[in-house]
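Quick notes on the structure that follows.
Just so you know, all these numbers are worked out from the coordinates, no wet-lab data involved. Treat the numbers as computed from the prediction; the structure is a model and nothing was measured. Glycine gets a Cβ as well: all are built from the backbone with ideal geometry, and neighbour counts include every protein chain shown.
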Amino acid sequence: MAKQEIPKAYEAKNHEDSIYAAWEQSGFFNPDNLKGEAFTIMMPPPNVTGVLHLGHALENTLMDSMIRYQRMRGRKTLLLPGTDHAALPTQAKVEKMLMEEGMKNPRQELGREKLVEKIRPFAEQSRTTILSQIKKLGTSCDWSRLAYTFDELRNRAVNELFRRMYEDGLIYRGLRVVNWSVRGQSTSSDDEIEHVERTAKLYTFRYGKDVPITIATTRPETKLGDTAIGVHPDDPRYASFIGQTFTADVGGASSLRLKVIADQQVDPAFGTGALGVTPAHSQIDFAMYETQKAKGDPIDLIPVIGSDGKMTSQAGVYAGLPVEEAREKFVGWLKKEGLMEKEEEITQNVGISDRYGDVIEAIPMTQWWLDVQKSIPGRGKSLRDLMREALTTGLHGDEKQKVIVNPDRFTKLYLDRVEHLRDWCLSRQIWWGHRIPVWYKGEEMVVGQQPEGEGWTQDEDTLDTWFSSGSWTFSTLGWPDKTVDLEAFHPTSWMQMGYEILYLWLMRMVLMSAYALDEIPFKEVYIHGILRDKNGQKFSKSLGNGIDPLEIIEKYSADALRFSVITGVTPGNDSRFYEEKVEAAQRLVNKLWNISRYILTSVEEPVHGQAFKELVPTTLADRWILSRLVRLEEEVSAHLQAAEFSQASEKLREFTWSDFADWYLEISKAQRQGETKASTDAILVYVLEHLLTYWHPIMPFVTEAIWSHFDDHELLMAHNWPVLRMVDLDLEAEAEMAWLQEAIGAIRNIRSENTVAPKQKVTVVMVGTNVEMHKGIIESLAGIESLTFASQPPTGEYASVVISDGQVFVSLQGLVNKEAERVKLGKEQKETESYIASLEGKLANEDFISKAPEHVVATMRQNLEDARKKLERYVHHSES
């Protein structure tokens, strides 16, 4: 290939759309056009509630970097895209928009069909926008397999899954205490509740003068529905009262029968150690209610708060009052009757609806539930058992059916949650989403598929959105049919998600996949944190610190955004994002472009695809850069395989900017002036070709744009990952070059510290070492007019620095203060003496030596030896 005409500057907006179109048209996003072992990633479907944010940019970069790497390693890769109808969030968003337009209650004013008609176009528009944004990020999805959690195929899968679970006796309809959002007029799962700290009052009082037990609560208005007093069975204060029943006229409302019951769940250290049991308004208390019923010693259930957030008729004179007013009135009555013993301010965690923002009320309702503890027919295990197995022993004790969590600390959090998992409330009182697949006609009921004939009415409620999301890894592959895709790509290979949906999604995917397929949903899951601003705050509209990823792409490039979102990212931890990171990333993008442009426009006939053994390294720099490239490939491959994206990108940045640009390219300019030109050119092209390949998973656009000047027939995204051999490492060249870099760096530092002009040549004497064979390199890269080697320090005005195995003296006649130089060296000598003392102290500590790893001790001893040699040179210099 002849020398190229390449634009001087890289203008991303002139390349990115056309490059993505070329990728799409190539067919390589589709695994049907690839060979090899399958590697599958299912895109966590973004909600159709708006546009993509920085979190999506992070997730798409993680997924795409992994899938591009695996594709280049010869895997049959599938990154399956999709979107989530996000039932509750989407309806809440549209209802809010309608209220901002003047509606007071969109559900009442529009009705079901008309409200859904308002939601559907909003969701479709958001979906279209989101899919185009995913392409802007460069995500290499198979668009022919695009899925939507609310499309016909997913609806069929959801209905079939519901039917099977119902027929297995796992799904049931029953009365239980639910989490209720008054503002949203719908149930919420435990995982859809945000817990916030706030100051509250803890009231300590007695029900009546004839009741000898004092209780404490932050919700006194709910005590109007108490039917028992709970105590710990081992609490001696109340042992004599267990089994007794007290009657009290409470709050001027009604007479309560309060039976004293013993229950292990009562905390004897909280309040008075006695608990007012309100089965209708506490899930814990409802569990006590069920326990008593199972014992044949039932207690009553009295709902005193309704779905409208007001007191019910069973609250007597408090009926119709909002809970806050009822609380105030009841507290007043307690004080008046002399029953209030104490009021104190405490800090408590309060459950808030994550979508509607109101305090969650616990109220009893008849809903559809999924039993996670009941044994599955024919398996002898519950859903909870399967969820536990999948992350411990593997399903059926098979290690191949075990989900690996990265980082592993989230495994414990998951298992702790599974151990305390309650039945899952499946039904929601909203209209956008999969309707409960149950139809009624009189006393008849059909589950799973709409029956033929007239007169059937479908259940009004919809399914929790996570029911459909939980089946994402297999419903997208054609389940419940036994498809080729399902056989080829499930279990999937890798999944990434934020830790905030660990319980919402990870647990449900494991549950659904283990139940429906008897398989894990994925082999490994990578848990990431959230992106925060430079001050560590969350991005939010209220703080005004939001950053639009599309604006970043427009201003800089998709590659700069991709690099900046994964810089500093480690599994499970939050990281910071700010525009200065993108600016630095764009400088790196430009650097890669400029390096490539220099090589491809200066080398006469760039030879593409040469083998390592065909190269002819003739200089130390040649041997060194090739050895560094071998090391780079091994490190980057290991990091990407282990999903260590930040480490991989940092190794690439360091090699690109330092090893290749700052050192080898500068050295090559001299090498290309003589008889080594041909061999140097071949190495330049070889290194560039490999470097573009290694960068491609992280920065795909600029690398593909450069690659087109290398090869206009093959796309880089379809190029094989060049695997190099570790036997080709040249440790001797790396060590020798490291010394040269130290020496040249020392001279450059002296020049900088003494503000020597870049173009001004200096005279240098090197003492204690003889590397005359590299004299030309040192002179060229350090701006030297005269370089000599001596056995003794020179006399005169010199600035000096001690380096490994020697000392460098730079003549600064008339440019440097000699006394200042003596002070500087004296300071460096003291620092070295302190360092030696520190090492000697540690190495003299027998306890440290016995516990520290051998390689750590060996390194410290080597560092001590080097520091002592360095000190000798300082002492020698001060005496001269």
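Rounded, prolate or oblate, given the Cα gyration tensor of the range 314-468, with a/c below 1.5 counting as rounded? In terms of gyration-tensor shape, oblate.
Charging the Cβ of each Asp and Glu at -1 and of each Lys and Arg at +1, and nothing else, the dipole of the chain about its Cα centre rounds to 1020 debye. Here the scattering of the range 1-46 is modelled by Debye summation over its C-alpha atoms, one equal scatterer each and no solvent; at q = 0.18, 0.21 Å⁻¹ the log10 of I(q)/I(0) is -0.84, -0.92. Let me know the Kirkwood hydrodynamic radius for the range 285-332, please, with Cα pairs as the basis and the value in Å to one decimal. Every distinct Cα pair counted, the radius reaches 12.0 Å. Give me the one-decimal nm value for the distance between modelled label points at residue 175 and residue 239, 7 Å along each residue's Cα-to-Cβ direction. Calculated label separation equals 3.7 nm.
Considering the range 544-648 at the alpha-carbon level, its Rg and Dmax are found to be 18.0, 58 Å. For a Förster distance of 35 Å, can you work out the FRET efficiency between the beta-carbons of residue 584 and residue 164, rounded to the nearest 0.05? Computed FRET efficiency for residue 584 and residue 164 comes out at 0.10. In this simple spin-label model, placing a label point 7 Å from the Cα along the Cα-to-Cβ direction at both residue 287 and residue 104 gives a separation of 4.2 nm. For the range 117-276, the Kirkwood radius over C-alpha pairs fed into Stokes-Einstein at 20 °C and 1.002 mPa s yields D = 100 µm² per second.
Label positions at residue 53 and residue 413, each projected 7 Å from the Cα along the C-beta direction, are separated by 1.8 nm.
Residues whose amide H lies under 5 Å from that of residue 360, counting only those 5 or more places away or on a different chain, are 351, 352, 353; hydrogens are built 1.01 Å from N in the peptide plane.
Converting phi to 3J(HN,Hα) with the Karplus coefficients 6.51, -1.76 and 1.60 and the offset θ = phi - 60°, the range 837-853 yields 4, 5, 5, 4, x, 5, 6, 8, 7, 5, 5, 5, 4, 6, 9, 6, x Hz in sequence order, with x at every glycine or proline. When only Cα pairs below 8 angstrom with a gap of at least 6 residues are kept, the chain shows a relative contact order of 13 percent.
For the pair residue 723 and residue 822, the difference between a 0.36 nm per residue extended length and the Cα-Cα distance amounts to 30.5 nm.
Within the range 644-802, the proportion of Cα pairs with more than 25 Å between them is 46 percent. Built from the Cα atoms of the range 168-220, the convex hull projects on average onto 7.2 nm², one quarter of its surface area.
Restricting the calculation to Cα atoms, the range 1-136 shows an Rg/Rh of 1.13 when the hydrodynamic-style radius is the Kirkwood one. Taking the centroid of alpha carbons for each part, the range 571-636 and the range 185-248 are 67 Å apart. Farthest toward the positive end of the dipole of the chain, out of 360, 42, 505, is the Cα of 360, where the dipole comes from beta carbon charges about the Cα centre.
Between beta-carbons, use under 11 Å as the cut-off and find the net charge around residue 498, counting Lys and Arg +1, Asp and Glu -1.
Neighbour charge sum, excluding residue 498 itself: -3.
Tally the DSSP beta bridges in the chain and give the antiparallel ones as a percent, rounded to 5. Here the antiparallel bridges make up roughly 70 percent for the chain.
About the centre of its Cα atoms, the range 1-132 shows a dipole size close to 280 debye [charges on the beta carbon of Lys, Arg (+1) and Asp, Glu (-1) only; nearest 20 debye]. Fully extending the segment from residue 790 to residue 616, taken as 0.36 nm per residue of separation minus the present Cα-Cα distance, adds 59.3 nm.
If you take the alpha carbon atoms of the range 485-564 and fit the smallest convex hull around them, that volume is 146 Å³ per residue. Take the Cα radius of gyration of the range 369-419 and divide it by 2.2 N^0.38 Å, N being the number of residues; the result is 1.19.
Along its first, second and third principal axes, ordered by size, the range 128-181 spans 48, 29, 15 Å in Cα coordinates.
Quick one: grab the alpha carbon gyration tensor of the range 389-543, order the square roots of its eigenvalues as a ≥ b ≥ c, and give me rounded if a/c is under 1.5, else prolate or oblate depending on whether a/b is larger than b/c.
oblate
Taking the centroid of alpha carbons for each part, the range 675-716 and the range 64-97 are 31 Å apart. Taking the alpha carbon gyration tensor of the range 292-374, multiplying each eigenvalue by 5 and rooting it gives semi-axes of 28, 20, 16 Å, largest first. Here the calculated FRET efficiency for residue 196 and residue 713, from their Cβ-Cβ distance with R0 = 60 Å, stands at 0.50, rounded to the nearest 0.05.
Cross-link partners among aspartates and glutamates for residue 441, C-alpha distance below 17 Å, same-chain residues fewer than 8 apart left out? Within the straight-line limit of under 17 Å, residue 441 reaches these aspartates and glutamates: 452, 454, 459, 460, 461. Under 5 Å from the amide H of residue 171 lie the amide H atoms of 166, 371, each residue being 5 or more positions distant or on a separate chain, with H modelled from the backbone and absent for Pro and chain starts.
Once the Cα-Cα distance is subtracted from the 0.36 nm per residue extended length, the residue 32 to residue 834 segment shows a gain of 282.3 nm. Taking every alpha-carbon pair within the range 751-880, the share separated by more than 23 Å comes to 45 percent.
What the pair-distance distribution of the range 742-785 shows, using all Cα-Cα distances binned every 10 Å from zero, is 26, 62, 12 percent. Projecting the Cα positions of 131, 65, 53 onto the charge dipole of the range 53-173 (unit charges on Cβ atoms of Lys, Arg, Asp and Glu, taken about the Cα centre) puts 65 furthest along the positive direction.
If you take the alpha carbon atoms of the range 190-252 and fit the smallest convex hull around them, that volume is 151 Å³ per residue. For the chain, the Cα gyration tensor yields ellipsoid semi-axes of 66, 37, 24 Å (square root of five times each eigenvalue, largest first, whole Å).
Take the Cα coordinates of the range 327-389, assign each an equal point scatterer, and use the Debye formula without solvent to give log10 I(q)/I(0) at q = 0.19 Å⁻¹. Ignoring solvent entirely, the Cα scatterers give -0.95. Annotated for the range 481-602: lysine pairs at least 8 residues apart or interchain, Cα distance under 28 Å, count 11.
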